[in-house]
Amino acid sequence: MSVAYKAVGWNRQKRIYDLGIAGILLVAFGVYAGATLLLQPLTTAETLIIRFTALAALVLLHLILLIGPLSRFDPRFLPLLYNRRHLGVTMFCLAAVHGIFSIIQFHAGGDVFALVSVLTAYARDYFSFLRDFREVADVPFEVLGLGALTILFLMAATSHDFWLKNLGPSFWKLLHMLVYVAYGLVLAHVLFGAIQSEVSPAFPLLLGLGFCAIVGCHLAAFARERRRDRERAAAASDGFVLAARAQELSPDAGKVVVVNGERIALFLQEGRVFALSNVCRHQGGPLGEGKILNGCVTCPWHGYQYRADDGCSPPPFAEVAPTYPVRVIGDEVHVSGQALPLGTKSEGALLTALPTVAPDETQGAGVFYVGWQKTAPRAIAAFLRLRGGLVLVALCVVFFAAAFFQNPVDVGTFEFGVERTFTGTLYESPLALLQVDPGGAGGGKNFVLVGEGKFGPPPGLTAKNGDRVRLVGSLITRNGAAMIEVHRPESVEVLETSAGPAAPVVALGNGEFVGELVDTKCFFGVMRPATGKVHRGCAARCLSGGVPPGLLVRDGEGNGVVLLLAGEPGKPFKIDSELAARTLAVRGALELHSGTPVLRVASFRLQP
Amino acid sequence: MKDQWVAAMWWLVGGYLAVGCAFAVPFVLRWCGRLDPSAAHGNWGFRLVIFPGVAALWPILLRRLLKQGSPVPPDAEAAASAAFLRRLHGRAFRALAVIIPVLFVVALVTRPDPQSSKIALQPAALPGDRALSAVNGLPVQLSVRGPGPGAQVELLVTAPLAEPMVALYWNPESGKETVGPDSVFLGSVWGPSKLVFPLPDRAPPGAGNLVFLSLSGDQRVLASVSLNPPTGSP
């Protein structure tokens, strides 16, 4: 109700509210980060941020959607509604951090612009479910998340009364009802994203419980509203209908009646009955559930005020609610469904048979919460403190459970920012490899070579096949498999040309292997997670950028090794990057190249 | 969808937002006051807060400015709008109550089995009881069915293996406890499980060695078993 707009119309209640949000998020972060780092110390900071912000945004979205129906059932929840937009903007900020970090981590630094990659990494699968139902699980979940984030942005960007006034309350409300579309998109994003990778049933269970709570509360609230709307009385010939009896009215408290299908709020002020529209001009709050405070009808949602006689907000405010003619016959209150012209002053109707109600139940604010007042009623504050404590405990359990049940992180090592010098012989077949000179660390072993970012070996390197070189790069290792991220390829120093043939290859025989197509750079240690659907966009970019593909084969315990995929001798091998993270059955000859298992691919097929 | 189409779409979005940002600067500084007197004296925080929304929704605001900054008229149909939004709210949640459970079922039914990425080459189990012999150093008991075409090796892995991937090879040369060029890859061993591998048709009865090779780390031979019938087996 500010006259000159401010960024935030701070008051004591809003400060308490925002401190509560910040406190709950800090505790939740402490629980989640502490448990994750304790249980899985190898978790990287960016993975922690991506997962926490996703979880926190999802939890806040559920809380936001619960506040509305809870307030309908119990007005003591109304303080949560009063400042809900701050909760919404906080939720959007968390979702935005999640989205930005995910796009940077999984799509940036490759051969395709990150935002393009978000929409095209799954291009193969957009409509594949029409051909095979089982392909539904491969729908591009990141696109769903991007759609939800766009809606949440529009809502957050217009969460100021300037927008409410200048877009018009109806359009503004319609825009903000897109939150239900966003909620559906978010659930689909999680169901076809993280839940496709996470093994524990705890995640679908928690998500299902949250969904049932929200839909159950909203449908119950909707049914309640519909029952109220059906309570209609027959209209008399002059348009007046019996709306209430004297004993149903309380001094200074409202009563909602339905006349000709329209909700009207009745108020008893100083012995006279007034009727005005039940719809607050601010956000459509139910005026009839409000009270008279300082001589004005006060909306229970955000404390907007109107005079009962003419429906106008007190100066300098300019909101006007329609008023309706009222007449009293005996103890019956009759209201016309035909509104008076806006701003028309009504005398109301004198009620001779005043109701007898105990003053402490109705006088003043009582247990009526108004956000702009300095303090909340004691009963409401105590009620919310208890519920807030319970919510905090429940959130701690949820965040701990999420940390406890999440998939273990992959266990590679990437010496990011650490440069080492390697000396050895370069070979381009079957892959770009550096066979490190004997004697030093990793001596005699083959190191797969890749470039920086999401790129394969720099093109200049393969031209030096058989040369003994010195190069600098960062080490990537996992379970004995080793890789070098080559830095500054132009500075590779050739020590000796045609240094000699590669070490003998051990042929291990032919076979068919079933496993997940991964990009070896991420799997060997650059990313955690480096497998599964959540990492799929990154794997697609790495493969299209030339990082050697690998087939991750697992045993029954979930342990796995990667077989580097290469073409048959003399034949180049290229695999469609859109097959990343899919299960393939690959037939070919298995070879050991100085300890590096390489599968010479003869054929492969996609496993459904 | 081709990359260039998506790139073009992002260019359009970027262009729209760039125009929006260019519009938003004068709007938040001056023009907002023409639409809304309360905005004329708004502080800097307010102007900053509305900037993203102006950049995103600039066509609506531009249209209103071009209409001489007429204020939004009082919503005469507010009650009808409220009733419409209530009905819309009910419908939205009834739709969600149907759509989301279907998505739940579809997502859970079609999600990949996390244990399904096993190595292939696992033939059907052998019928009947078999005499088993232990493989030194590995929690594996082994028996051989044969001789002749259809000969098979049956493994009972009684505990998880220490190695992430163990391969089983048949080396045709008896007494050779290594994997050589003539060796045949029979399959991979994981456990605990019961695994059956067919021997090559060319394998003579009782000839050759079975070699268990670790495929990770240093690729060392973990164990080797001769295909000669073990002493004492029935």
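Taken together, the values in this text are just the output of simple stated rules run on the coordinates, not laboratory data. As the structure is a prediction and not an experimental result, all values here were calculated from the model. Cβ atoms come from the backbone with ideal geometry, glycine included; neighbour counts cover every protein chain shown.
Okay, helix-only estimate at 222 nm for chain A: each DSSP H run of n ≥ 4 adds -39500 (n - 2.57), divide by all residues, round to 500 deg cm²/dmol; what do you get? Write down the numbers at each step before the final one.
Details: 15 runs with 216 residues, N = 608.
The per-residue figure over chain A is -11500 deg cm²/dmol.
What FRET efficiency comes out for A:R227 versus B:A7 if R0 is 56 angstrom and r is the Cβ-Cβ distance? Round to the nearest 0.05. Display every interim value, and only then the final one.
On the way: r = 53 Å, r/R0 = 0.95.
E(calc), rounded to 0.05, equals 0.60.
Using R₀ = 22 Å, calculate the FRET efficiency as 1/(1 + (r/R₀)^6) where r is the Cβ-Cβ separation of B:R30 and A:F317; round to 0.05. Could you put the intermediate results ahead of the total?
Details: r = 24 Å, r/R0 = 1.11.
After rounding to 0.05, the efficiency reads 0.35.
Please arrange A:F523, A:F368 by how many other C-beta atoms lie within 10 Å of their C-beta, fewest to most.
Numbers: A:F523 28, A:F368 22.
Least to most surrounded, the residues fall as A:F368, A:F523.
Taking the 0 to 90 degree range and rounding to the nearest ten, how far is the long axis of helix A:378-405 tilted relative to the main principal axis of chain A, both from C-alpha atoms?
20
How do A:H107, A:H176 rank when sorted from fewest to most other Cβ atoms within 10 Å of their own Cβ?
Values: A:H107 24, A:H176 20.
Result, fewest neighbours first: A:H176, A:H107.
Net charge near A:L19: determine it from the other residues with C-beta under 15 Å of the C-beta of A:L19, scoring Lys and Arg +1 and Asp and Glu -1. Each step should come with its number before you reach the end.
Working: positive: A:R12, A:K14, A:R15, A:R385; negative: A:D18.
Once positives and negatives cancel, what remains is +3.
Using DSSP loop states and a limit of at most 10 other Cβ atoms within 10 Å to flag GluC sites (Glu not before Pro), what is the longest stretch of chain A containing no flagged site?
Working: sites that count: A:E231, A:E347.
With a cap of 10 other Cβ atoms within 10 Å, the longest stretch comes to A:348-608.
All other residues with a Cβ under 10 Å from the Cβ of B:F27 taken together, and with Lys, Arg as +1 and Asp, Glu as -1, what is their net charge? Display every interim value, and only then the final one.
Details: positive: B:R30, B:R34, B:R47; negative: none.
Around B:F27, the surrounding residues sum to +3.
For the range A:289-343 and the range B:1-66, what is the centre-to-centre distance using only Cα atoms, to the nearest Å?
37
Net charge around B:L57, counting only other residues with Cβ within less than 11 Å of its Cβ (Lys, Arg = +1; Asp, Glu = -1)? Mind showing how you got there, number by number?
Details: positive: B:R63, B:R64; negative: none.
Here the count lands on +2.
By residue number, which cysteines of chain A lack any other Cys whose Cβ falls under 4.7 Å from their Cβ?
Within chain A, the cysteines lacking a partner Cβ under 4.7 Å are A:C93, A:C212, A:C217, A:C296, A:C312, A:C396, A:C522, A:C538, A:C542.
Please arrange A:T53, A:T497, A:T423, A:T531 by how many other C-beta atoms lie within 10 Å of their C-beta, fewest to most. Present the calculation step by step, with values, prior to reporting the outcome.
Working: A:T53 21, A:T497 10, A:T423 16, A:T531 25.
Going from least to most buried by this count: A:T497, A:T423, A:T53, A:T531.
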